[in-house]
Amino acid sequence: AHSFGLLDFAIPDLECDYFGTSLHKFLSAPIGSGMLWIKKEHIPKIWPLVCNDKPQSPDIRKFETLGTRSFPIEQGIGEAIAFHTAIGSKRKEERIRYLKNYWASRVQNIPGVQLHTSLKPNYSCAICGVSIKGLTPAQLDQQLYNTYKIHTVGIVWENISCVRITPHVYTRIADLDVLVAAIEKIASGVKG
């Protein structure tokens, strides 16, 4: 879900048999849209979930038998692809990685702040986990939102306990400066 529309790659270069993705994340298409890619020789083996008169057809369009569907969502996908193409995959990936590194590199040495994501380009792009000593992810998430109107996602799952912060191509540097200042204040115990 996060790789498509964010990272500069072509699906065939992955040499995978199947690729499914949400399109609303970094492609910025409407929520509820997605994409299924299947290597040509595997298409006849996969039956569509919705009735189709040729379920073993080698034509990928057999998966488009959806009955009543939202044409605005489909039109939105086209606009999202046009926007993405205008920016270019490589430029978009570089911009979003820059934004993540911009804020993360400024908070990584603040006492009590811990990054849970590498800043090396081979290991991360947009998403970065951060925590502040003495706060649960829910508490940090609430302070960032309630005091600064910064939307994040608190994650507690297996060995992950942090807040996920994910800038997008349209995130302004000024917004990230607010984030950095907020993390500094929260980490130092200053309210507001």
Would you please put 21-29, 171-179 in order of how densely packed they are, using the mean number of other Cβ atoms within 10 angstrom per residue and starting with the highest? 21-29, 171-179
Tally Lys and Arg at +1 and Asp and Glu at -1 over the other residues with C-beta under 12 Å from the C-beta of Arg106: what net charge comes out? -1
Against the longest alpha carbon principal axis of the chain, how many degrees, from 0 to 90 and to the nearest 10, is the axis of helix 137-148 turned? 80 degrees
Check: C-alpha center the range 56-74 vs C-alpha center the range 90-164, spacing in Å is 38 Å
What does the highest-first list of 143-154, 8-19 look like by mean Cβ count within 10 Å? 143-154, 8-19
What is the sum of charges, Lys and Arg at +1 and Asp and Glu at -1, for the other residues whose Cβ falls under 10 Å from the Cβ of Lys39? -2
For Phe9 and Ile31, extending 7 Å from Cα along the Cα-Cβ vector and measuring point to point gives, in nm, a value of 2.7 nm
Could you give the length gained by full extension between His151 and Glu74, i.e. 0.36 nm per residue of separation minus their alpha carbon distance, to one decimal place? 25.0 nm
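Is it possible to state the helix-based mean residue ellipticity at 222 nm for the chain, with each DSSP H run of 4+ residues giving -39500 (n - 2.57), the sum divided by total residues, to the nearest 500 deg cm²/dmol? What is it? Show your work: numbers first, answer last.
Values: 4 runs with 64 residues, N = 192.
It comes out at -11000 deg cm²/dmol, rounded to the nearest 500.
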Angle in degrees between helix 71-87 and the longest Cα principal axis of the chain, rounded to the nearest 10: 60 degrees
Where does the charge balance sit around Pro121 when Lys and Arg score +1, Asp and Glu -1, over other residues with C-beta under 15 Å from its C-beta? +4
Given [x] 19.6, 69; [y] 19.1, 65; [z] 20.3, 65, which label gives Rg and Dmax of the Cα atoms in Å as computed from the coordinates? [z]
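How high is the relative contact order of the range 122-171? Use alpha-carbon pairs under 8 Å, at least six apart in sequence, and give a whole percent. Kindly include the intermediate steps, with their values, before the conclusion.
On the way: 63 pairs, mean separation 20.7, N = 50.
In percent, rounded to a whole number, it is 41.
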Please compute the length gained on full extension between His42 and Asp175, using 0.36 nm multiplied by the number of residues separating them and subtracting their Cα-Cα distance. 43.3 nm
In degrees, nearest 10, the alpha-carbon axis of helix 173-188 is tilted away from the dominant principal axis of the alpha carbons of the chain by 50 degrees
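A short reminder: the numbers here are calculations on the coordinates, not readings from a lab. Keep in mind that what you see is a predicted model, and the values were worked out from it rather than measured. Methodologically, a virtual Cβ is constructed for each residue, glycine included, from the backbone with ideal geometry; neighbour enumeration extends over all protein chains shown.
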